[in-house]
Ligand code: PGA
């Protein structure tokens, strides 16, 4: 069991992979497979594509599986073609919003300032907010990883009010470790980077104790428990290895074992 928290945080981002029906089947199976696990030990969350959110929220008991969105615009409405607003997500019953995933930053050009606007809007609208940060392969090569993470954290969380901190979760996801060409990260390295994230939170905001820091990037059944056992790791955020629901269930159980 984890150290700072009495429960472990485990979630998956479905990216652009599952249709509405596939999402609902997946969630039904996940609910059944994990029914015996007390939620005092497990905070389980799934981030389906936008079009599956309404049905997912209707179907799922969110005290068992929290449903989240993969992104969100900062304005409540406006001339922002293709965007989804906080009130739309509230309306369908979403509890969690992820902001700043590496693919949003890398492919869609999201800046730290945009991430900050989204984070503040998410907090204002009462969502649990999962903020993703991570250094690139170049940062790692040039030795600028600590600076990159500090910058991302300081800007993303700029102007977060005291009472909103309990809504923040952080995911550390090094860009070089994510996705099909991702490299598995050394658990000791991951632990050091989590410690650095906590130090940055403490130095910049005087706050870090209650912020869960999850690790993501090429997590799989083989490496999950070693990553999760690191003292600074409060849980895991998983892509590919969790899209098969049986494999996800096995990973969850390997962590809780
Ligand atoms: P991966 O994705 O587990 O497939 O590397 C992680 C992520 O992008 O959140």
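The values are calculated or read from the model by the stated rules, or taken from the named source; none is laboratory data. Since we're looking at a predicted model, the values are computed, not measured. No Cβ is skipped: glycine too gets one built from the backbone with ideal geometry, and neighbour counts run over all protein chains shown.
Couple of notes before you dig in:
- Some residue of segment 150-157 being away from the ligand (no atom under 16 Å from the Cβ), loosely packed, with under 14 Cβ neighbours inside 10 Å and modelled with pLDDT of 95 or more: no
- Under the condition of being more than 16 Å from the ligand (Cβ to nearest atom), surrounded by fewer than 19 Cβ atoms within 10 Å (Cβ to Cβ) and at pLDDT 95 or above, the residues counted in segment 205-230 number 1.
- Check on residue 146, outside any loop (DSSP other than H, G, I, E, B), modelled with pLDDT of 95 or more and within 16 Å of the ligand (Cβ to nearest atom): no
- Complete set of residues in segment 69-90 that are part of a loop (DSSP other than H, G, I, E, B) and out of contact with any helix residue (DSSP H, G or I) (no Cβ under 9 Å at 6 or more places or on another chain): 78, 79, 80, 81, 82, 83
- Residues located in segment 10-21, provided they are touching a residue at least 24 places away in the same chain (Cβ under 8 Å) and over 16 Å from residue 241 (Cβ atoms): 16, 19, 20
- Of all residues making up segment 25-37, the number that are more than 20 Å from the chain's Cα centre (by Cα) and either modelled with pLDDT under 95 or surrounded by 12 or more Cβ atoms within 10 Å (Cβ to Cβ) (or both): 5
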